[in-house]
């Protein structure tokens, strides 16, 4: 086996309009394809993220995150940006609240967090 890159990350959202607006209009991910799956009564929106994809599932009635942010499983997703302060400023301009920028103790690089409409922690890291 040779695991050398991530193909996609899957995220579950609860509200179609709110989640699509957040990931497409505010964060700027490009829609590759979008499908309504009648048998599941959900939407699956594939988004371009560099060479990777984000699968955005919109499903009604999913359980809420059990704890914040330390539930078992996926802890958060992180995106590399050239300038953390500038990215945080742009997020704030779009009404997305970010945490104060801090230095990653291990890498020595700047980082901060914000959250999607369902509370998923998202990190930007320099």
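Listed options for Rg and Dmax of the Cα atoms in Å are [x] 18.4, 70; [y] 15.3, 48; [z] 20.5, 69. The value calculated from this structure is the one marked [y].
What's the FRET efficiency of residue 32 with residue 83 using the Cβ-Cβ distance as r and R₀ = 35 Å, to the nearest 0.05? Working from the Cβ atoms, E equals 0.85. Binning the alpha carbon pair distances of the range 27-71 at 10 angstrom intervals from zero yields the distribution 24, 36, 36, 4, expressed in whole percent. Would you work out if the range 1-61 is rounded, prolate or oblate? Take a ≥ b ≥ c from the square roots of the eigenvalues of the alpha-carbon gyration tensor; rounded if a/c is under 1.5, else prolate when a/b is larger than b/c, oblate otherwise. Oblate.
Rounded to the nearest 5, what % of DSSP beta bridges with both residues in the chain are antiparallel? Kindly include the intermediate steps, with their values, before the conclusion.
Working: 21 of 31 bridges.
DSSP beta bridges in the chain are roughly 70 percent antiparallel.
Compared with the dominant principal axis of the Cα atoms in the chain, helix 84-93 is inclined by about 50°.
Of 14, 19, 67, the sequence from fewest to most neighbouring Cβ atoms within 10 angstrom is 67, 14, 19. Per-residue ellipticity at 222 nm computed for the chain from its helices equals -3000 deg cm²/dmol, with DSSP H segments shorter than 4 residues left out and the rest contributing -39,500 (n - 2.57). Were the residues from residue 14 through residue 41 laid out at 0.36 nm apart, the gain over their Cα-Cα distance would be 8.5 nm.
Computed on the chain, with alpha-carbon pairs under 8 angstrom and 6+ residues apart, the relative contact order is 22 percent.
The peptide list 106-118, 1-13, put in order of mean Cβ contacts within 10 Å with the highest first, becomes 106-118, 1-13. Ignoring solvent entirely, what values of log10 I(q)/I(0) come out of the Debye formula for the range 75-126 at 0.13 Å⁻¹ when each Cα is a single scatterer? Debye intensities relative to I(0), on a log10 scale: -0.27. Modelled spin labels at residue 64 and residue 3, positioned 7 Å past Cα toward Cβ, are 3.2 nm from each other.
Read-outs throughout are calculated quantities, based only on the coordinates presented, and are distinct from any laboratory measurement. Remember, it's a predicted structure, so these values are computed and weren't measured experimentally. No Cβ is skipped: glycine too gets one built from the backbone with ideal geometry, and neighbour counts run over all protein chains shown.
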